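Visitor: Quick one: the structure is below, and I'll ask about it shortly.
The values are calculated or read from the model by the stated rules, or taken from the named source; none is laboratory data. No experiment lies behind these values; they were computed from the predicted model shown. Ideal geometry is used to build each Cβ from the backbone, glycine not excepted, and the neighbour counts take in all protein chains shown. Please note that ligands, DNA and RNA were not included when accessible areas were found on the heavy atoms of the full protein model with its side chains. Shrake-Rupley method; radii C 1.70, N 1.55, O 1.52, S 1.80 Å.
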Amino acid sequence: MTTALARATELGGPLPARVRVAIVGTGFAGIATAIGLMRSGRHDFVLLERAEALGGTWRDNSYPGCACDVPSHLYSFSFAPNPDWTRAFSPQPEIEAYLHRTAEEYGVLPHIRYGAELEGAVWDEAEQIWHLTTARGELDAELLVLGTGGLSDPAIPAIPGLDAFAGTTFHSATWDHDHDLRGQRVAVIGTGASAIQFVPAIQPQVGHLTLFQRTAPWVLPRRDRAIRSNERRLYRRFPALQRAARTAIYWGREAWVLGFSFDQRIMELGEKQAHAFLAKQVPDPELRAKLTPHFRLGCKRVLLSNTYFPALTQPNVDVVTEHIREIRPHAVVTADGVEHPADTIIFGTGFRVTDPPIAERIVGRSGITLTEHWASGGMRALHGAMTSGFPNLVYLVGPNTGLGHSSIVFIIETQVGYLLDALRQLDARGLATLEPKPEVEAAYNSEVQKRLQKTVWSTGGCASWYLDKNGRNTTLWPTFTFTFRRKLRRCDLGNYVTTARRSRTPKVAA
Ligand code: NAP
């Protein structure tokens, strides 16, 4: 085998010239779509993966301590329960392994092309097709499904002087496992869901850790536990038991929506618990004051950790609340002029959620990108997936589908079910394309925005990644997840502009 061919085989074979469906990404969304297509008898699809392994955010986020903060019985596919979870909240390697296993069991692997980053997608109205350019070549797709999620592209703040830093820098989602942190002076920027997991994991090894906190988050106890082998055996023997556990977790989590979206007085109970937890874990009043949040619980993602606060009380840790002014070759400098020496800077600064880079690469019917289309008014779509002007584009986990309380896998499965229903109807009627009627999309989004106005995410007194640069919440679903599922139970083609399938004109060689 030639080297080029060997490499192509390793990366999953050559690209097909044309497919019915091209799926971008192999995280939960991409894999769910692939399995859904196959279960409905459709095999003419390809998954385009930019990396050389599958797994999406659960492949990339391999930082020490990474785990899910939604219980595993719920944070998994409904059709592929895993009786072997070893903990209530699974660590990242188990989730990544689960995705691998599920993709393999359902026959997804042969459809994946690795190293095939989507570089551009242009809708061809005459041909009713998406022309795709990837890092491995070109192909055409009748339907383009973006399974790229919201947490795929790291956000690194443009701090003056960063380029001149003499040490090592990396982001939590691109952890440098070859870099030895032992004895190092480490600066951590950010105190979100990622940082609160990796800070306690690295604190015992590092020489000194300076944690730069812009906003103190709310932290509640993490009710994790080992799932013992006899319990696992029971789940394997009686799958109904695991389904019951999943259902109980689902409804427990839905109850949070009452506080987020309907009556914020409920959040006061959680705040009391969080204050007591902080007081118990952080005896030093000065440090406790720094770590006390000043906004309503839930306005930012509620964090769960039993080890975060104790790590911050250790003698090798400083919590700095002054804003960062600049970075020098060997230090981070804060607004008060203090130099905080650092050999390594780790960014726990989150992701590009409201300005996803993939949207810059998608060119719709009128020749503008999705980013340009969203430039005024922010990200929006019908059912968080379909956008007028972009026929046959399905953006899974798109605008206003995120959750502050439950499993995104539930949302993904709901959208995939809807997509399959749409495909079934298109095929039955000999239709080739669909895109939402602008007025239907607008009405849907104004209802979503209206519902969001009274939620804790809008009124809770914080800035968060849920809001775009204009303060509009373009990321979260405003209410119960069962409401989302009810809305998407069936695809009503009356909400879409559709076009009939045209016979393909054979290309004449010049
Ligand atoms: P994040 O929640 O967006 O947190 C980013 C942190 O960086 C915040 O503390 C933010 O401060 C800070 N920051 C950003 N820019 C900064 C700057 N220029 N200077 C100083 N600080 C800055 O990101 P994340 O922790 O990676 O989490 C993102 C999401 O991923 C989570 O909300 C969650 O949905 C998901 N996640 C889930 C898990 C899990 O399941 N366990 C784990 C990790 C992540 P401000 O608060 O002031 O903005």
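Visitor: Going through the stretch 142-181 one residue at a time, which ones are touching a residue at least 24 places away in the same chain (Cβ under 8 Å), open to solvent by 50 Å² or more (accessible area, probe 1.4 Å) and near the ligand (Cβ under 10 Å from one of its atoms)?
Guide: Quick first cut of the stretch 142-181, residues touching a residue at least 24 places away in the same chain (Cβ under 8 Å) only: 142-157, 159-162, 164-175, 177, 179, 181.
Going one step further and asking which of them are open to solvent by 50 Å² or more (accessible area, probe 1.4 Å), we end up with 151, 156, 160, 164, 166, 169, 174, 177.
Answer for the stretch 142-181, where residues must be touching a residue at least 24 places away in the same chain (Cβ under 8 Å), open to solvent by 50 Å² or more (accessible area, probe 1.4 Å) and near the ligand (Cβ under 10 Å from one of its atoms): L151, I156.
Visitor: Based on this model, can you work out whether W58 counts as within 16 Å of the ligand (Cβ to nearest atom), aromatic (F, W, Y), over 16 Å from the mean Cα position of the chain (by Cα) and surrounded by 15 or more Cβ atoms within 10 Å (Cβ to Cβ)?
Guide: Values: within 16 Å of the ligand (Cβ to nearest atom): yes; aromatic (F, W, Y): yes; over 16 Å from the mean Cα position of the chain (by Cα): no; surrounded by 15 or more Cβ atoms within 10 Å (Cβ to Cβ): yes.
Judged against the criteria, W58 is not a match.
Visitor: When you scan the stretch 37-45, do you find a residue that is hydrophobic (A, V, I, L, M, F, W, C), assigned to a helix (DSSP H, G or I), within 16 Å of the ligand (Cβ to nearest atom) and closer than 26 Å to G417 by Cα, even just one?
Guide: Pass one, the stretch 37-45, residues hydrophobic (A, V, I, L, M, F, W, C): 37-38, 45.
The next check asks that each one be assigned to a helix (DSSP H, G or I); those that pass are 37-38.
Within this subset, residues satisfying the condition of being within 16 Å of the ligand (Cβ to nearest atom) are none.
No: the stretch 37-45 contains no residue that is hydrophobic (A, V, I, L, M, F, W, C), assigned to a helix (DSSP H, G or I), within 16 Å of the ligand (Cβ to nearest atom) and closer than 26 Å to G417 by Cα.
Visitor: Turning to a different aspect of this structure: Hey, any hits in the stretch 329-338 for a residue that's within 11 Å of the ligand (Cβ to nearest atom) and within 29 Å of the chain's Cα centre (by Cα)?
Guide: No.
Visitor: If you scan the stretch 182-205, which residues turn out to be more than 12 Å from the ligand (Cβ to nearest atom), farther than 19 Å from A67 by Cβ and open to solvent by less than 10 Å² (accessible area, probe 1.4 Å)?
Guide: Scanning the stretch 182-205 gives a single hit, V186.
Visitor: Just one of L241, L209, L258 is in a helix (DSSP H, G or I), more than 16 Å from P83 (Cβ to Cβ) and either open to solvent by 20 Å² or more (accessible area, probe 1.4 Å) or modelled with pLDDT of 95 or more (or both); which is it? Working first, answer last.
Guide: On the way: L241 fails: more than 16 Å from P83 (Cβ to Cβ); L209 fails: in a helix (DSSP H, G or I).
Being in a helix (DSSP H, G or I), more than 16 Å from P83 (Cβ to Cβ) and either open to solvent by 20 Å² or more (accessible area, probe 1.4 Å) or modelled with pLDDT of 95 or more (or both) holds for just one of L241, L209, L258, which is L258.
Visitor: Quick check on the stretch 71-92. Is at least one of its residues touching a Leu at 6+ places or on another chain (Cβ under 6 Å) and either within 16 Å of the ligand (Cβ to nearest atom) or closer than 20 Å to V416 by Cα (or both)? Write out each step before concluding.
Guide: Residues of the stretch 71-92 touching a Leu at 6+ places or on another chain (Cβ under 6 Å): none.
No, there is no match, as no residue in the stretch 71-92 is touching a Leu at 6+ places or on another chain (Cβ under 6 Å) and either within 16 Å of the ligand (Cβ to nearest atom) or closer than 20 Å to V416 by Cα (or both).
Visitor: What number of residues within the stretch 116-135 are closer than 22 Å to P356 by Cβ and open to solvent by 10 Å² or more (accessible area, probe 1.4 Å)?
Guide: Residues in the stretch 116-135 being closer than 22 Å to P356 by Cβ and open to solvent by 10 Å² or more (accessible area, probe 1.4 Å): 8 in total.
Visitor: Can R325 be described as of a type outside the set (D, E) and touching a Gly at 6+ places or on another chain (Cβ under 7 Å)? Spell out the reasoning first.
Guide: Details: of a type outside the set (D, E): yes; touching a Gly at 6+ places or on another chain (Cβ under 7 Å): no.
So R325 fails the test.
Visitor: If H383 satisfies all but one of (1) crowded, with 20+ Cβ neighbours inside 10 Å; (2) not assigned by TED's automatic domain parsing to the domain that holds P478, what's the number of the condition it fails?
Guide: Among (1) crowded, with 20+ Cβ neighbours inside 10 Å; (2) not assigned by TED's automatic domain parsing to the domain that holds P478, the lone unmet condition for H383 is (2).
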